[in-house]
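Contents: one structure, followed by commentary.
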Amino acid sequence: MSKAKKESNLSRLLKEAGKYRFLTYCSLLLSALSAAMAIMVFVYLYFILEEAVGLYPDYSGDNNMVNNAWIALGFSLGSFFVYIAGLICSHLSAFRIASNIRKKAISHVMELSIGEIERFGSGRLRKIIIDSSGAGETYLAHLLPDMVGALVTPIAIIVVLVVFDWRLGLISLIPAVLGFACMFTMTGPKMKEDMKNYQDAIEGVNNQAVEYVRGIPVVKTFNQTIHSFSRFKKSIEDYSNFCLSYTKRCHWPMVFFEVFVNSVFAFIIGAALIMEGNSWTDSSFLLNLMFYIVFTPIISNTLMKVMFMSENGMIVSDALDRIDSIMGLKPLEEGRGDLPKDHSIELRDVSFSYEKGGKKAIDGISLFIKSNSKVALVGPSGGGKSTAASLIARFYDVDEGKILIGGADIRDMKKDDLNAMVSLVFQNNRLFKGSILENMRMADKDASEREVLEALHKAQCDDILERLEEGIHAQYGSKGTYFSGGEIQRLCIARAFLKKSKILIFDEATAYFDAENEYKVQLAINELSKDKTVVMIAHRLSSLSGVDKVFVIDEGRLVESGSPEELLEKGGLYKTMHDRFLSSVKWRIGQ
Ligand code: ADP
């Protein structure tokens with residue numbers, strides 16, 4: 001870790017440059033050249049001033065002032081165009097490097113388990129990948145070339161100061177040193193920590209904002225205010241508190257920094273008054289004085305650049321650390337390629353907790369689901385049903401025990417094989433913006449239109465297609481083509497048909513639908529379930545028609561299992577839930 005820390009931002013970024021690396025070097029060279037040429041403009045200005053003062057008041061004889069003015073102009077234009085050429089080079093390589101960083105980070109995210117992505121926070125992931133690579137891009141495209149210029153300039157300034165009048169030179173350095181002192185109170189390790197806290201605070205707001213937007217329907221339904229999203233509110237407050245305290249802390253140092261770096265000429269004039277008194281008769285002193293007044297604004301300019309350089313250096317180093325934090329997330333290990341012999345599922349002494357050493361969401365569960373059978377996981381909310389389903393799909397790896405499909409440990413199967421074998425249909429399934437056909441083809445990109453129509457038919461979607469003029473080419477999410485929750489669910493079931501997975505997991509698939517939709521979704525599920533192993537997770541026992549076996553999970557443990565009839569007879573938790581369900585139905589009918 002410490003080795004990575006010591007590596008410069010430039011070499012960390014250049015690792016992603018590939019063959020564009022030389023363009024970055026070119027941009028640095030051109031920037032240095034442009035800075036040197038800019039100094040030459042001042043040297044020729046000095047020559048012009050020298051002649052102007054020396055020849056005063058008769059300029060009729062031969063002189064080089066016009067020639068020198070042309071040369072100064074030449075250097076000035078040259079410096080500008082060389083700088084632009086440098087920027088072109090730096091931009092070309094910066095865009096490429098930022099794009100490479102994004103591609104690398106996104107490919108890495110694709111290798112992560114869904115659980116790991118959720119744990120990290122999808123809003124946070126998005127922000128880091130987009131913003132941090134953007135910070136690298138700005139750094140390479142603008143800041144780095146400016147930085148080289150800002151390093152060349154002080155060297156040139158010192159040479160110029162020594163060559164002309166060292167006393168005025170030293171005096172012009174006093175405000176620069178004072179400016180530096182102010183700057184140092186704002187930079188250093190504390191600044192690095194502040195930058196990190198700043199980024200953390202923005203990330204916090206970003207992540208909570210994503211959660212908030214997802215939860216807007218709930219907020220609206222229950223007439224809540226933003227205060228119900230206390231974490232979002234807190235993240236905004238944290239951000240604003242941080243910004244306020246940081247701004248207040250930098251307030252005075254910044255004011256003095258600005259004053260010092262912009263008052264170099266005042267120091268020089270003050271010094272001239274002290275050194276020469278009220279009558280300035282020495283023409284060479286006058287010449288140097290004029291030259292320094294013209295020349296010294298470059299010092300303030302350079303100091304400003306140096307200040308932003310150190311600030312931006314910290315921003316980019318923090319951004320690169322954040323990208324590294326994504327690259328450091330461990331992808332699920334690829335299995336050696338074991339193939340299951342059937343579609344049975346076995347959990348053998350499985351334990352799992354979301355946080356290391358935290359409460360076990362699954363606590364020593366063993367169960368066996370026969371190939372091509374239909375089973376249900378039931379139990380109180382928070383008992384661990386969804387977690388068990390996520391483990392079967394390998395969204396997370398188990399902490400203890402193993403999960404076998406057709407006798408093969410899922411960790412030993414190829415990820416693609418497992419993915420093709422298991423399909424999950426969630427309660428909050430989503431469709432993407434695009435045509436229905438495109439949405440369906442996410443399950444099988446080679447599916448023909450006929451196959452898609454067949455899947456939609458089996459998933460009871462005919463009524464949906466009938467009302468769409470463009471049929472499967474209708475664009476979801478545009479021109480008023482929206483679907484109800486039940487309709488989306490059926491379309492997602494059609495998508496699952498196309499995937500042809502042999503193991504289907506329905507997580508609360510029919511919850512909250514109206515009777516007609518629930519009926520149709522049930523028909524679709526029954527159709528989809530033929531010759532497949534089906535695991536249903538349901539709070540509502542009504543959706544459990546035709547299941548072979550029920551597993552009752554409570555507090556992460558398997559507390560009962562058997563056919564629905566056996567469990568009713570046994571009189572345990574299932575019976576209690578069943579009785580409660582019946583009385584709620586009676587209550588609804590009796591209303
Ligand atoms: P069920 O599906 O039976 O309602 P879950 O499997 O969703 O139960 O939850 C089991 C336990 O795991 C609960 O205590 C829940 O708070 C916790 N849990 C679920 N998802 C997460 C998560 N993503 N991060 C941390 N804890 C979680």
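Would you please classify the overall shape of segment 545-585 from the alpha carbon gyration tensor, given that a ≥ b ≥ c denote the square roots of the eigenvalues, rounded means a/c under 1.5, and beyond that prolate means a/b larger than b/c while oblate covers the rest? In terms of gyration-tensor shape, oblate. Here segment 1-129 exposes an accessible surface that is 67 percent carbon and sulfur, computed with a 1.4 Å probe and the other protein chains kept in place. Only lysines eight or more places from Lys415 in sequence, or on another chain, were considered; those with a Cα closer than 18 Å are Lys330, Lys341, Lys402, Lys499, Lys500, Lys502. Across segment 99-111, rounded Karplus estimates of 3J(HN,Hα) from the backbone phi angles (6.51 cos²θ - 1.76 cosθ + 1.60, θ = phi - 60°) give 5, 5, 5, 4, 4, 5, 5, 5, 4, 5, 4, 5, 7 Hz, Gly and Pro being marked x. Label positions at Ile88 and Val163, each projected 7 Å from the Cα along the C-beta direction, are separated by 3.0 nm. Once you reduce segment 173-190 and segment 36-50 to the center of their Cα atoms, the two points are 29 Å from each other. Computed over protein heavy atoms with a 1.4 Å probe, the accessible surface of segment 1-153 works out to 53 Å² per residue. Helix 166-186 and the longest principal axis of the C-alpha atoms of the chain enclose an angle of approximately 20°. Which chymotrypsin sites (Phe, Trp or Tyr not before Pro) from segment 46-92 combine a DSSP loop assignment with at most 16 other Cβ atoms within 10 Å? Taking segment 46-92 and a limit of 16 other Cβ atoms within 10 Å, the loop chymotrypsin sites (Phe, Trp or Tyr not before Pro) found are Tyr59. Residues whose amide H lies under 5 Å from that of Ala408, counting only those 5 or more places away or on a different chain, are Lys341; hydrogens are built 1.01 Å from N in the peptide plane. Estimated from helical segments only, the mean residue ellipticity of the chain at 222 nm is -20500 deg cm²/dmol, where each DSSP H run of four or more residues counts as -39500 (n - 2.57).
Residues with beta-carbon under 15 Å from that of Val66, excluding Val66: net charge, scoring Lys, Arg +1 and Asp, Glu -1? Show your work: numbers first, answer last.
Working: positive: none; negative: Glu50, Glu51, Asp62.
Residues near Val66 contribute -3 overall.
Shape of segment 311-450 from the C-alpha gyration tensor: oblate (a/c of 1.5 or more and a/b not above b/c, with a ≥ b ≥ c the square roots of its eigenvalues). DSSP beta bridges fully contained in the chain are about 55 percent antiparallel.
Each peptide among 332-345, 518-531, 24-37 gets the average number of other Cβ atoms lying within 10 Å of its residues, and from highest to lowest they stand as 24-37, 518-531, 332-345. Across segment 16-25, coupling constants 3J(HN,Hα) worked out from phi with the 6.51/-1.76/1.60 Karplus curve, θ = phi - 60°, read 9, 7, x, 6, 8, 4, 4, 5, 5, 4 Hz, and Gly and Pro carry x. Rounded to the nearest 10 degrees, the angle from helix 144-163 to the longest Cα principal axis of the chain is 20 degrees. Against the chain, whose longest principal axis comes from its Cα atoms, helix 283-295 is set at around 10 degrees.
Heavy-atom accessible surface of Leu45, to the nearest 10 Å², is about 60 Å², with a 1.4 Å probe and all protein chains retained. Taking a ≥ b ≥ c as the square roots of the Cα gyration tensor eigenvalues, the chain comes out prolate, since a/c reaches at least 1.5 and a/b is larger than b/c.
The values are calculated or read from the model by the stated rules, or taken from the named source; none is laboratory data. Note that this is a predicted model, so its numbers are computed, not measured. Using ideal geometry, Cβ is built from the backbone for each residue, glycine included, and neighbour counts are taken over all protein chains shown. The accessibility values were calculated without ligands, DNA or RNA, using every heavy atom of the protein model including side chains. Shrake-Rupley method; radii C 1.70, N 1.55, O 1.52, S 1.80 Å.
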